1. Mind sorting L209, L261 by how few other Cβ atoms lie within 10 Å of their own Cβ, fewest first?
2. What ranking of M217, M1 emerges when the number of other C-beta atoms within 10 Å of each C-beta is taken as an exposure proxy, fewest first?
3. Provide D175, D207, D78 in ascending order of the number of other Cβ atoms located within 10 Å of each residue's Cβ, fewest first.
4. What does the charge add up to near G249, with Lys and Arg as +1, Asp and Glu as -1, over the other residues with Cβ less than 14 Å from its Cβ?
5. Quick check: from the Cα gyration tensor, does the stretch 164-306 come out rounded (a/c under 1.5), prolate or oblate?
6. For the chain, what is one quarter of the convex hull surface built on the Cα atoms, given in nm²?
7. Consider a paramagnetic label point 7 Å from the Cα of S298 along Cα→Cβ; state which residues of the stretch 221-248 have an amide N under 12 Å from it.
8. How tilted is helix 141-153 with respect to the longest principal axis of the chain? Cα atoms for both, answer in degrees (0 to 90, nearest 10).
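A short reminder: the numbers here are calculations on the coordinates, not readings from a lab. The shown structure was predicted, so the numbers you read here are calculated from the model rather than taken from an experiment. All Cβ positions, glycine included, derive from the backbone under ideal geometry; neighbour counts span all protein chains shown.
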Amino acid sequence: MSSVIITGGTGLVGKALSKRLVLQGFSVIILSRDPAAHRSLSPSITYAAWNINDQSINEEAVNNAKYIIHLAGAGVADKRWTEKRKREIRDSRIKSSQLLVKALTQIPNQVEAVVSASAIGWYRESSGGQAVETDPPDSGFLGETCRLWEEHIQPVTALGKRLVILRSGIVLSNDGGAFPEFKKPVKLGIAAILGNGKQIISWIHLDDLCRIYLEAMINLKWTGIYNAVAPQPVTNKTFMIELGKRIKGNFYIPFPVSGFLLHSLLGEKSIEVLKSSNVSCDKIKKQGFQFIYPTLGSAFSDLLRR
């Protein structure tokens, strides 16, 4: 049974991915600052210690692992972006990546591949055409954070490890992330249209994202950077109107939320909420990956019947 280390394994993607890996016959080792605080629901999932601040990690976990999936990072949407919070978001990604590189350099191991998370926050505002993996990063906070995140995990390639970086879009799941927040006002009959509603959302269903991580991990043909987004991005208005119809039928009201109000509520984070992100998944499709939920309708049909 091959072992997979997951950093950030207690988050939305990490939990779902851990379950999928166990079903596929893998042994999962989730790194945590406090392993004793977690109770495993499966004998195939264990917890091991690491601490990015003092750069320590359980050596036995590294010894035993064949793959590493690197998801760790403070939540971008969890809190208002104060200067302190922005440092936490940035440093959590840099320090965790540095620790993995250090561990793979200093600890004897048989790790074959590292699959690291990144995000489509890398890209600049879409102004025509779709963003592709070779595009330069945005100069804003998220673009710079993604650049540093990817830059600090890149040295694993010099150690002979295959590296795949996945820039994911907005993840749709009932278990957390943005989708439950989108649903809250709709259940009250209000479809909140953000700004002018024309900004494009590049999204992905959680199940498809987990399948992409698994394929990137085991398929030797995958290397480098890929956009983990569904094939059909939509505007914010289209997203919310479709969600309104699915949940309330004709009994909902489209309600515009001005950019000024969003800025008052969210501060600098409102720039990203209103940014148009039209991102291509052509590179993943060329690898032969087939989406179970390629359209917003198919994703909503699944999520809203659960």
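1. L261, L209
2. Lowest to highest Cβ neighbour count: M1, M217.
3. Least to most surrounded, the residues fall as D78, D175, D207.
4. That works out to +3.
5. In terms of gyration-tensor shape, prolate.
6. Here the figure is 15.7 nm², rounded to one decimal.
7. Only 230-232 fall inside the zone, counting backbone N under 12 Å.
8. Approximately 20 degrees, to the nearest ten.
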